[in-house]
Amino acid sequence: MCRLTAYLGHATNLADLVTRPSRSVIRQSFDARERLGGSGGEVYDCGNLNADGFGLGWYTKETEDDVTPCVFTDVGPAWNNKNLHRLARKIRSPLIFAHVRAAGPSMGICQCACHPFEYGRFLFMHNGQVSGFKKIRRSLMAKLSQAAFDYALANSASDSALAFAIFIDQVGDPVAAISPARLRQCLVNVISIIASALTEFEVRGTTLLNFVVSDGSALVATRYVINPDDDVPAASLYFSSGTSFEPSAQVVVDPEEEGGKGTPMEVLKEYKMTHGDRRDKVVIVTSEPLTNVVADWVAVPKNFLVLVTPLKQVLLSPVFASELADRAGAKGTGA
């Protein structure tokens with residue numbers, strides 16, 4: 001499994017989100033504290049290494065006609081990739097995705113499998129795993145449109161890529177504007193379709209579906225777990241909102257760099273979420289808190305989702321099993 005971070009707010013340097021904070025997602029690539037999945041064994045084994053690839057996704061407003069995001073991905077560990085750090089220092093964006101990957105059992109390690117995935121105006125990333133994936137993959141892919149099928153195939157046909165392919169079929173036109181409510185509905189449909197397949201093929205294991213998707217204006221993130229037999233925990237997910245996310249004066253000394261053992265690619269700093277206005281202007285959704293200030297972060301409850309509107313309103317709502325059943329019966333895999 002993986003670690004992920006998403007940001008929606010005023011334009012900021014990628015470095016101030018993904019490389020400079022003391023607990024950034026890049027730090028989590030080798031020092032995750034809440035990651036499940038261990039080294040690819042049992043789903044609830046703990047693991048701290050996410051070295052099977054990484055990716056950045058962001059949107060620009062250079063031209064009004066181009067609504068598609070930018071993406072940079074690579075295979076290998078994020079912590080020593082110089083290009084990642086160079087790009088992060090120079091790129092500014094109001095909407096940022098960052099992901100570090102720990103490939104699940106039998107999942108390929110290649111650039112095409114790295115998150116975030118992009119299609120049309122959408123960015124998508126996943127932390128978790130689909131239990132019994134080999135049992136249900138053929139059935140799910142057979143129900144895809146040709147465009148979504150080709151997309152899944154071109155992106156390793158992993159559980160994450162297939163989930164996004166299902167999402168592609170929900171939205172229809174991949175570049176058309178979409179409302180936040182519709183974005184939410186399409187993502188819930190993905191969970192519903194996967195849950196139905198697990199039931200049909202009598203898969204009894206634990207499926208973890210922490211999805212994050214954006215159209216460049218709004219953002220939806222889920223913290224969802226499926227297990228027909230047990231009341232089990234979901235993969236970690238938090239959010240924080242405020243006026244700005246900025247560094248404090250405190251510089252963090254990396255133990256690995258003490259005593260002149262090396263030169264860090266980035267000076268680590270403690271960051272904080274400020275609250276200088278009654279309205280939120282910045283929202284961060286992340287697998288693990290990016291700071292050590294516990295009060296800044298709210299844990300998303302199990303089987304809930306977070307919807308962040310273009311006005312930075314944070315709407316937290318449950319995803320009910322009845323809602324999934326209704327959507328599966330009404331929608332199938334179509335848009």
Do any trypsin sites (Lys or Arg not before Pro) in the stretch 157-228 lie in a loop, going by DSSP, with at most 13 other beta-carbon atoms within 10 Å of their beta carbon, and if so which?
Arg204
Violations at 30 Å Cα threshold for listed pairs Lys82/Lys134; Lys82/Lys135; Lys61/Lys272; Lys82/Lys302; Lys90/Lys312; Lys90/Lys281 -> Lys82/Lys134; Lys82/Lys135; Lys82/Lys302
Just to confirm a number: summing +1 for Lys and Arg and -1 for Asp and Glu over residues other than Ser240 whose beta-carbon lies under 11 angstrom from that of Ser240, what do you get?
-1
For labels at Lys134 and Phe320 in the simple 7 Å Cα→Cβ model, what's the distance in nm?
3.8 nm
Skipping prolines and chain starts, which residues have an amide H placed within reach, meaning under 5 Å, of the one on Gly242, given they are 5 or more residues away or on another chain?
Lys281, Val282
Extension gain Ser145-Ile109, at 0.36 nm per residue separation less the Cα-Cα distance, in nm?
10.4 nm
Count charges around Ala113 for me, please; just the other residues with Cβ under 13 Å from its Cβ, Lys/Arg as +1, Asp/Glu as -1.
-2
Take Trp79, Trp58 and sort them by solvent-accessible surface of the protein heavy atoms, 1.4 Å probe, largest at the top.
Trp79, Trp58
Please compute the per residue accessible area over the stretch 134-240 with all protein chains in place, 1.4 Å probe, rounded to a whole number of Å².
35 Å²
Would you give the gap between the C-alpha center of the stretch 114-147 and the C-alpha center of the stretch 193-221, rounded to a whole Å?
9 Å
Vicinal HN-Hα couplings computed from phi for the stretch 199-211 (Karplus, 6.51 cos²θ - 1.76 cosθ + 1.60; Hz; Gly/Pro x)
5, 4, 9, 6, 7, 9, x, 9, 10, 10, 10, 9, 9
Determine how large the accessible area of Met265 is when every protein chain is in place; take a 1.4 Å probe and give Å² rounded to the nearest 10.
60 Å²
Point-to-point label distance, Asp65-Gln313, nm (Cα→Cβ direction, 7 Å offset)
3.4 nm
Convert each backbone phi in the stretch 83-96 into a coupling constant with the Karplus relation 6.51 cos²θ - 1.76 cosθ + 1.60 (shift: θ = phi - 60°), then list the ³J(HN,Hα) values in order as whole Hz, x for Gly and Pro.
5, 4, 5, 5, 5, 4, 6, 10, 8, 10, 7, x, 9, 10
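The values are calculated or read from the model by the stated rules, or taken from the named source; none is laboratory data. From a predicted model like this one, the values you see are computed outputs, not experimental measurements. Virtual Cβ from ideal backbone geometry, glycine too; neighbours counted across all protein chains shown. The accessibility values were calculated without ligands, DNA or RNA, using every heavy atom of the protein model including side chains. Shrake-Rupley method; radii C 1.70, N 1.55, O 1.52, S 1.80 Å.
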